[in-house]
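Engineer: Quick one: this structure, given as structure tokens, is what I'll be asking you about.
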Amino acid sequence: MKILIVNDHKIEVKLWGTEKVFYDGKLMSSNFSLFGSTHCFKVSENNEDVDYEVEIFSFPTIGMKIRRNGKIIFSDK
């Protein structure tokens, strides 16, 4: 499980098997994938609508990128 804090909000990502993305403890997206997938969700932060994309890579190495409103805020790939 990877954890990232963004603007006082916690994003948790389970990378293996059934991929799961949590935002402040709430399940936002879930998908079974062998080679990775992209999880998209929308939240409200400080009265602003925010779009998140969590792109998970499983082959040839495991990693992810997180975008907030289209801008990369985290990448370990």
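The numbers here are math on the coordinates, done by the rules we state, and not lab data. Only a predicted model underlies this, so the values are computations on that prediction, with no experimental measurement involved. Note: ideal-geometry Cβ built from the backbone for every residue, glycine included; neighbour counts use all protein chains shown.
Engineer: Let me check I've understood the local charge: for Lys65, count other residues with C-beta under 9 angstrom from its C-beta, Lys and Arg +1, Asp and Glu -1. What total comes out?
Structural biologist: Values: positive: Arg67, Lys77; negative: Glu53, Glu55, Asp76.
Around Lys65, the charge tally is -1.
Engineer: Checking the cross-link filter: which aspartates and glutamates have an alpha carbon closer than 14 Å to that of Lys71, excluding same-chain neighbours under 8 positions apart?
Structural biologist: Asp51, Glu53, Glu55
Engineer: Quick one: net charge around Leu27, please, counting Lys, Arg +1 and Asp, Glu -1 for every other residue with C-beta under 15 Å from its C-beta. Numbers along the way, then the final one.
Structural biologist: Numbers: positive: Lys10, Lys14, Lys20, Lys26, Lys42; negative: Glu12, Glu19, Asp24.
With Lys, Arg at +1 and Asp, Glu at -1, the neighbours total +2.
Engineer: Would you mind telling me which residue in Gly25, Gly63, Gly36 has the biggest mean-square fluctuation in a Gaussian network model of the chain, where springs connect alpha carbons within a distance under 10 angstrom?
Structural biologist: Gly25
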